[in-house]
Amino acid sequence: MLVIRLFRTGKKKQPSYKVVVTDRNNPPQGGKFVEQVGFYNPITREKTLHSERINYWMGVGAQPSATVYNILINEGVIKGEKKKIIFKKSKKAVEEPKPAPKAEVKKEEPVAVPEEVKAEVAPEEAPKAE
């Protein structure tokens, strides 16, 4: 299945993106794509889109990613409502340390102690001061 998505280029902290048509199974960083149909620079807000080619590929069955879909609506290439983009949190960020299970404190009932045992356990007398 074909998909229209962004392909990141540029240096660190200076992103720019190619809008490409590629197979969904290819990784976004793979560099293998069928055709480049546009360019997007988020820093300068520069956008170049080949609307004829984009409409052709969408007619053939290519599905735009949510971000590309919103860019196409902003530029007037397609009509519709924007999609809400929800970023997934990584598993490391989602897994929070689980609190230790609270130990249930059981109240001990007073046990009847025979008086014989009480006499044996009686506190010793205080030592004599010399």
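So here's what we get for this one:
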item	result
Cα→Cβ-extended label distance, 7 Å offset, between residue 29 and residue 8, nm	0.8
Label-point gap, in nm, between residue 73 and residue 44 - each point 7 angstrom along Cα→Cβ	2.8
Taking segment 2-81 and dividing mean pair separation by its residue count, relative contact order in percent (alpha carbons under 8 Å, at least six apart)	28
90, 65 arranged by Cβ crowding within 10 Å, fewest neighbours leading	90, 65
Alpha-carbon Rg/Rh ratio, for segment 32-91, with Rh computed the Kirkwood way	0.99
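None of the figures in this text is laboratory data; all of them are computed from the coordinates on show. This structure is a prediction, so every number in the text was calculated from the model and none was measured. With ideal geometry, Cβ positions are generated from the backbone for all residues, glycine too; neighbour counts draw on all protein chains shown.
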